[in-house]
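J.: Have a look at the structure that comes next, please.
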Amino acid sequence: TCDTGDQQTTAAVRLKEPEATIVERLKDVSTYEGEDAVFECRLSREAAQDAQWFLGDAPLQSNEMNEIRVQGTRHSLILRKVTLEDCGSITFKVGQHSSAA
């Protein structure tokens, strides 16, 4: 606010958060049936709320078979005790950016 006594004007400051980008992409993983498969990528900033993992077209959530971790800018997916049915494309998406392995 600027106040000169007989006149006053007010303005506001609004900030947009910078978009998170993928700075370390996913790498292909080969493992044996029954073992865990670990996928990791790193983002340009923390607190990316819209990050999502996919197996094929199916979105993944943390449960007894899938563990999703976030440690700072590092996002990890652990597929527990993989089977042949788990073969396929893993995709990580954040905003308009994605990485697949």
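The values are calculated or read from the model by the stated rules, or taken from the named source; none is laboratory data. Please read these numbers as outputs of a predicted model, since none were measured by experiment. For accessibility, only protein heavy atoms count, side chains too; no ligands or nucleic acids. Shrake-Rupley method; radii C 1.70, N 1.55, O 1.52, S 1.80 Å.
J.: Over the range 33-100, with the other protein chains present, what is the accessible area per residue in square angstrom, probe 1.4 angstrom? Display every interim value, and only then the final one.
T.: Numbers: 4120 Å² over 68 residues.
The answer is 61 Å² per residue.
J.: log10 I(q)/I(0), Debye, Cα-only the chain, no solvent, q = 0.16, 0.22 Å⁻¹?
T.: One equal scatterer on each Cα of the chain leads to -0.69, -1.14.
J.: Shifting gears a bit: Tally up the carbon and sulfur contribution to the accessible surface of the chain as a whole percent, 1.4 Å probe, everything protein left in place. Before the final figure, lay out each step's value.
T.: Working: 3390 of 7370 Å².
Roughly 46 percent of what the probe reaches on the chain is carbon or sulfur.
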